[in-house]
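Peer 1: Take a look at this one; I'll ask things after.
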Amino acid sequence: MSQSSRVRGVLRLPILIGSGVWLALALACFTSHARLGIIEVLFLLGPWIVVPLGADLLHSAGTSKNSAVQDWALIAAAALTTVSFFLDNRTAAAWFASAWLLVCAAFAGDGLRRFWVAGTKSFAQFCFAAGEGYLLVAGMWLVASRAGVQLLAFHEPIVLLTAVHFHFAGFASAVLAGLADEAFAGFRGRRFLRAALLLVVLGPGLLGLAFLLGPKVKLAGALLIALGQLGLAGGMVRIGMVARNSIGRWLLFVAGASVSAGMILAAVWAVGEYPLQAFVNIRQMAELHGVLNAVGFGVCGLVGWRVLNSG
């Protein structure tokens, strides 16, 4: 199979539809009448592109022949969630966004099944199960955001950013961690890579708890997750170096470079925020770290793996 054929195989109709819708939303946010900001656009990258890509990879590496969520349900839930960002009525917006919460709950149920069947026997399946579980957390914070509810005394944009965090640092990172562990079989240093991958998988949950425990714990959590992500980036680059497909190889390189840059920025932000004098504000973090992590790491990494696995 040619490289172009592999790429076309990756871009199935639901993902092409999602890509088109998301690009239109991203372009619209630059207009004078935009209703969406950078944080909202980055969030919607999850339902329209990242979760469908991850779902394909999970299905191909799964313990069941059935997908956790059908394509039509993903598209319908993503569409309803998008509409929720254009509604002024908070109650209606929350009900529309609840469609995505149901999808997230279905993935979490599949993750529980996955962990029960193989999670204790396979480190990769444990990663996949954790990633699916994080989607439930993401969905809950999304609904809270659309409802205008302050969860645990946090207000916007932190509530929506938490939903973003658990889609990308939670779900996408855990899926990529599991794939990296499987692909690293036979490579030297797999034990060290697994230590980094464990930080990747546990990091989002630990960082979320750290926000409740004070600035010192939050700083330690942010630095640990950054260290784990840098290890994952190194593993992806190493795998890309031996990949036969040049498109998949370069996508892994871009993903590794993006998450490295994003995590260095996150570490700088965490160190600067500890004395309550952050070097960059939360909006700048969304524009820089968010774009690097969501588009450069999440999308490029998942597409890269889909291209490699298609051959």
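The values are calculated or read from the model by the stated rules, or taken from the named source; none is laboratory data. Computed from a predicted structure; not experimentally measured. For neighbour counting, all protein chains shown are included, and Cβ atoms are generated from backbone atoms with ideal geometry for every residue, glycine included. For accessibility, only protein heavy atoms count, side chains too; no ligands or nucleic acids. Shrake-Rupley method; radii C 1.70, N 1.55, O 1.52, S 1.80 Å.
Peer 1: Restricting to DSSP H runs of at least four residues, report the calculated mean residue ellipticity at 222 nm for the chain, -39500 (n - 2.57) per run over all residues, nearest 500 deg cm²/dmol.
Peer 2: Rounded to the nearest 500, the figure is -23500 deg cm²/dmol.
Peer 1: With a/c under 1.5 counting as rounded, go ahead and sort the stretch 47-200 into rounded, prolate or oblate using the C-alpha gyration tensor (a ≥ b ≥ c being the square roots of the eigenvalues; past the cut-off, prolate if a/b is larger than b/c, else oblate).
Peer 2: Judged from the Cα gyration tensor, the stretch 47-200 comes out prolate (a/c at least 1.5, a/b above b/c).
Peer 1: Another question, if that's okay. Given the options 24, 61, 93, state which has the largest fluctuation in a GNM of the chain using a 10 Å cut-off (strictly under) for Cα springs.
Peer 2: Largest GNM mean-square fluctuation: 24.
Peer 1: Using Cα pairs closer than 8 Å and at least 6 residues apart in sequence, work out the relative contact order for the stretch 176-239, in percent.
Peer 2: 44
Peer 1: In terms of the Cα gyration tensor, with a ≥ b ≥ c the square roots of its eigenvalues, is the stretch 156-226 rounded because a/c is under 1.5, prolate because a/b exceeds b/c, or oblate?
Peer 2: oblate
Peer 1: Could you work out the relative contact order of the stretch 68-167, using alpha carbon pairs under 8 angstrom and six or more residues apart, expressed as a whole percent?
Peer 2: Relative CO of the stretch 68-167 lands at 26 percent.
Peer 1: Note the full-extension length gain between residue 28 and residue 217 as 0.36 nm times their separation in residues minus their Cα-Cα distance, in nm to one decimal.
Peer 2: 64.2 nm
Peer 1: Here is a follow-up. Can you tell me how the chain classifies by the Cα gyration tensor, rounded, prolate or oblate, using a/c under 1.5 as the rounded cut?
Peer 2: Here the chain falls in the rounded category.
Peer 1: Could you tell me which trypsin sites (Lys or Arg not before Pro) in the stretch 16-102 are loop residues by DSSP with no more than 10 other beta carbons within 10 angstrom of their beta carbon?
Peer 2: In loop regions of the stretch 16-102 (DSSP not H, G, I, E or B), the sparsely surrounded trypsin sites (Lys or Arg not before Pro) are 65.
Peer 1: Still on this structure, I have one more. Counting only heavy atoms of the protein chains, get the accessible area per residue of the stretch 139-221 (1.4 Å probe) and round it to a whole Å² value.
Peer 2: On a per-residue basis, 44 Å².
Peer 1: Quick check: pseudo-label points 7 Å beyond the Cα along Cα→Cβ at residue 118 and residue 237, how many nm apart are they?
Peer 2: Taking the simple label geometry, residue 118 and residue 237 are separated by 3.0 nm.
Peer 1: Using the crude model of +1 on Lys and Arg Cβ and -1 on Asp and Glu Cβ, and no other charge, please compute the dipole size for the stretch 133-237 relative to its Cα centre, in debye to 20.
Peer 2: About 280 debye.
Peer 1: Once you keep just the Cα pairs under 8 angstrom separated by 6 or more residues, what percentage relative contact order results for the chain?
Peer 2: After rounding, I find 17 percent.
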